[in-house]
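What follows is a single structure, written as structure tokens, with notes after it.
The values are calculated or read from the model by the stated rules, or taken from the named source; none is laboratory data. All figures in this text were calculated on a predicted structure; none of them were measured in a lab. Ideal geometry is used to build each Cβ from the backbone, glycine not excepted, and the neighbour counts take in all protein chains shown.
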Amino acid sequence: MQTYFDTVKPPFFSVDFHYFRIPREKWELMLTRLAQMGSNMITVTVPWGFHEVNKGAVDLTGASNSRRDVAGLMELCIALNFYCILKPGPYSSNSGILGNGLPNWLSPDSNTFHANLPAATESWYKAISKILVDRQWPAGPIVALQINYESGQESVPAYSKQLTEVKWPIWLRKRYQGIEALNAAYGATYRTVSEVSFPQSWNQEPTPLEEDAKAFLAEVQDNTQGSYHQILVDAGWQIPIYPSAPDAHPQLPAMQTYSLTELHKPATLDPDNVIINLQRPIQVDPDPADIGDSPVWANDAPIRADASLRQKFWNVRQRLWLHTLPNANLDGNLLVVSFDTGGLATSGQDVALKISLAKGTKPAAYRLRFTGQLLADNNLKAARSKLSGPYQTEDDAAQIDLIFYLNNPTDPLSGFLLTYLRTLLTAQAQTLGRCATLAAALGQTLDPAQTAAKAPPASARPTPYTLTEARRGLSQADKILRKAMASIGGLEGGFDTMLGRSSAGIPEPAATSLTISPEIFEGSAREILIKTGEVCKAVIPDLKSTAEALQKTIDTPQAFTIEQYRQRYAQTVNTAQSARASLLEIIAQLRAEIASETLPLVAWRVHNQVQEIAESLRWGVLRG
């Protein structure tokens with residue numbers, strides 16, 4: 001069966017995108033930055049423990065936290081033309097993730113861990129497959145899976161007793177068929193195989209016992225890999241799965257990795273059949289407390305946490321563009337790409353520009369900021385078949401993405417430049433559409449007419465309680481429920497282990513987060529929440545109409561012109577600024593009312609929902 005890698009000429013470049021580290025409102029912008037760097041493929045680690053916090057409840061759609069919306073991320077990949085290598089675990093090795101990506105309830109330190117892990121992993125794989133299998137290539141962006149069935153620890157980890165005291169002796173008996181042969185191999189005097197303890201450390205020159213222990217672990221890992229492969233295949237995955245099974249997709253490209261925090265320039269890129277995975281492209285500061293094992297992730301990455309760019313961004317871009325763009329040439333620190341209708345140049349340093357032009361042409365030159373704003377560059381002049389002038393990496397408003405020049409600026413765009421500008425507009429359109437959806441949902445929640453229509457008749461309502469009593473009761477009930485769930489889960493797990501039965505069902509989707517209704521409040525508190533809903537509703541028409549106009553320009557069959565791009569960009573920015581100003585005003589009022597205790601603390605939930613919309617407009621449209 002043909003794979004994605006059979007349809008594209010190597011090498012293949014993939015860049016890590018740790019969505020779970022990045023606030024949801026920055027996803028569109030950070031993906032745009034990766035596209036601007038030269039990537040059209042991302043590697044997506046899916047930390048199991050982050051998505052299944054409570055056993056049996058998996059959130060892959062953002063129901064409990066918008067950073068968990070992996071399904072939404074795949075839709076973004078489709079919109080922005082990204083392909084994806086998905087890493088579903090069970091481990092998230094070498095990623096700085098708490099617990100190596102495993103859920104806390106799995107208890108890696110318990111003696112039954114290795115006995116429980118396979119069934120738990122099967123449940124996890126089934127849950128993630130149920131949501132994402134329909135998004136595999138060619139119908140969707142996922143072109144390969146990469147399973148991580150090892151913890152990634154360099155030293156000998158603390159293996160469970162089930163592995164070292166049950167499976168290990170069984171393996172030795174099968175290998176040696178008797179204690180005499182084992183003693184002869186080890187030069188020992190064991191009475192039974194059960195006396196052979198599993199090594200707790202490795203010598204530089206391994207002993208026969210340690211060689212056997214390594215062979216045992218390798219066999220366990222091979223069996224585990226084969227089992228995990230089969231689970232995913234049975235779940236409907238038909239794309240390549242790394243590490244590849246014997247005789248499966250024999251022509252699959254190998255994988256190489258480079259850390260962009262450690263290298264100022266990627267090493268010589270292998271032109272053969274290989275996937276080059278660029279790790280740590282985006283700095284995250286601070287790293288979320290529910291993910292990172294340290295406060296900062298990927299310090300000194302090419303892309304800063306605020307989406308501004310370090311010098312190494314251009315170094316990486318130059319390497320990628322030289323491999324992926326025809327007619328790309330590096331002249332010192334300046335990368336120049338020529339095409340039939342003009343050309344472009346980009347650099348991470350201020351340089352004097354002097355580009356050869358076709359005889360008799362006097363193109364118009366433009367400066368593209370990293371915000372997406374496009375300006376005529378009057379500092380560049382065409383004379384004597386040369387385009388000359390200063391190339392600046394930053395002007396008075398923003399960092400400069402690139403400059404380009406067109407022989408006929410009124411003609412519709414084509415080729416790489418069209419694709420590039422279309423990606424910038426698409427990311428903004430996606431943001432506007434999402435913000436309209438979020439505003440509509442919150443506006444409906446805070447609409448008293450909607451909540452009143454859903455409320456039961458007064459005669460059917462339970463005896464009312466004060467908020468203080470409700471909070472106290474909820475807190476107590478939550479503690480009791482969590483304790484009961486943990487006890488029941490442990491009891492069921494113990495029975496499953498003792499009886500040798502599988503518990504690999506498909507976990508249920510996680511419940512949505514708490515919604516706040518004005519109906520539970522009175523007086524001014526109720527009026528403030530209703531006003532918040534009205535503000536959200538008021539911004540929806542402009543967000544929707546602008547997103548639709550933007551998408552219409554993006555989808556124009558005959559492509560758009562430079563002037564059409566500039567008009568749509570300006571309209572998009574104006575819409576975002578206006579909507580954001582209204583949202584910031586109501587955010588300020590919510591904060592003041594909560595601080596004065598007019599609104600209870602639970603209203604922070606509403607505040608945070610409004611702020612997410614405002615921040616999405618800031619990062620996804622205004623870009624900073």
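Looking across 144, 120, 127, 115, one residue alone is assigned by TED's automatic domain parsing to the domain that holds residue 240, outside any loop (DSSP other than H, G, I, E, B), more than 25 Å from the chain's Cα centre (by Cα) and small (Gly, Ala, Ser). It is 115.
Contact map, the stretch 23-42: residues that are touching a residue at least 60 places away in the same chain (Cβ under 8 Å) paired with residues that are assigned to a helix (DSSP H, G or I) and aliphatic (A, V, I, L, M), Cβ distance under 6 Å, separation 6+ or inter-chain. Pairs shown: 28/427; 32/427; 37/316; 38/320.
Among the residues of the stretch 140-153, those that are among the polar types (S, T, N, Q) and surrounded by fewer than 19 Cβ atoms within 10 Å (Cβ to Cβ) comprise 151, 153.
Considering the stretch 380-409, the residues that are in a loop (DSSP other than H, G, I, E, B) and free of Cβ contacts under 8 Å to residues at least 12 places away in the same chain include one that is farthest from residue 567 (Cα to Cα), namely 384.
For the stretch 410-431, filtering for residues that are part of a helix (DSSP H, G or I), small (Gly, Ala, Ser) and either over 30 Å from residue 539 (Cβ atoms) or more than 26 Å from the chain's Cα centre (by Cα) (or both) leaves 1.
The residues listed here are 272, 306; of these, the one that is in a loop (DSSP other than H, G, I, E, B), assigned by TED's automatic domain parsing to the domain that holds residue 36 and either buried (at least 16 other Cβ atoms within 10 Å of the Cβ) or at pLDDT 95 or above (or both) is 306.
Looking across the stretch 53-100, just one residue is in contact with a strand residue (DSSP E or B) (Cβ under 6 Å, 6 or more places away or on another chain) and of a type in the set (D, E, K, R), and that is 87.
Answer yes or no: is there a residue in the stretch 576-584 that is part of a loop (DSSP other than H, G, I, E, B), touching a Leu at 6+ places or on another chain (Cβ under 8 Å) and not assigned by TED's automatic domain parsing to the domain that holds residue 372. No, that holds for no residue.
Scanning the stretch 432-451 for residues that are exposed (fewer than 12 other Cβ atoms within 10 Å of the Cβ), at pLDDT below 95 and not in a loop (DSSP other than H, G, I, E, B) turns up at least one hit.
Do you know which residues across the stretch 610-624 are small (Gly, Ala, Ser), under 13 Å from residue 371 (Cα atoms) and in a helix (DSSP H, G or I)?
Within the stretch 610-624, 620 is the sole residue that qualifies.
Residues in the stretch 490-513 that are at pLDDT 65 or above and of a type outside the set (A, V, I, L, M, F, W, C) were compared, and the one that is surrounded by the most Cβ atoms within 10 Å (Cβ to Cβ) is 507. Across the stretch 315-339, the number of residues qualifying as of a type outside the set (Lys, Arg) and touching a residue at least 40 places away in the same chain (Cβ under 8 Å) comes to 10. As a summary of the residue check, residue 137 satisfies the conditions (1) of a type outside the set (S, T, N, Q); (2) within 30 Å of residue 73 (Cα to Cα); (3) surrounded by fewer than 16 Cβ atoms within 10 Å (Cβ to Cβ); (4) touching a helix residue (DSSP H, G or I) at 6+ places or on another chain (Cβ under 7 Å) except for the one numbered (3).
Quick one: residue 516 ticks every box in (1) at pLDDT below 95; (2) more than 30 Å from residue 129 (Cα to Cα); (3) in contact with a helix residue (DSSP H, G or I) (Cβ under 7 Å, 6 or more places away or on another chain); (4) assigned to a helix (DSSP H, G or I) except a single one, so which number is it? Result: residue 516 fails condition (4) only. Kindly establish whether residue 300 is over 26 Å from residue 348 (Cβ atoms) and either at pLDDT 90 or above or acidic (Asp, Glu) (or both). So residue 300 does not fit the description; no. Only one of the numbered conditions (1) part of a strand (DSSP E or B); (2) out of contact with any helix residue (DSSP H, G or I) (no Cβ under 9 Å at 6 or more places or on another chain); (3) touching a residue at least 40 places away in the same chain (Cβ under 8 Å) is violated by residue 344, and that is (2).
Here are 331, 340: which of them is of a type in the set (Asp, Glu) and within 19 Å of residue 411 (Cα to Cα)? Matching residue, one of 331, 340: 340. Within the stretch 369-392, the set of residues being crowded, with 16+ Cβ neighbours inside 10 Å, modelled with pLDDT under 95 and among the polar types (S, T, N, Q) comprises 392 only.
If you go through the stretch 112-124 one residue at a time, do you hit one that is on the phi > 0 side of the Ramachandran plot and out of contact with any Ser or Thr (no Cβ under 9 Å at 6 or more places or on another chain)? Working first, answer last.
First pass over the stretch 112-124, keeping only residues on the phi > 0 side of the Ramachandran plot: none.
Among the residues of the stretch 112-124, not one is on the phi > 0 side of the Ramachandran plot and out of contact with any Ser or Thr (no Cβ under 9 Å at 6 or more places or on another chain), which makes the answer no.
Every residue, every condition in (1) touching a residue at least 60 places away in the same chain (Cβ under 8 Å); (2) touching a strand residue (DSSP E or B) at 6+ places or on another chain (Cβ under 6 Å); (3) charged (D, E, K, R), yes or no:
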residue: 197; (1), (2), (3): no, no, no
residue: 211; (1), (2), (3): no, no, yes
residue: 217; (1), (2), (3): no, no, no
residue: 224; (1), (2), (3): yes, no, no
residue: 236; (1), (2), (3): yes, no, no
residue: 239; (1), (2), (3): yes, yes, no
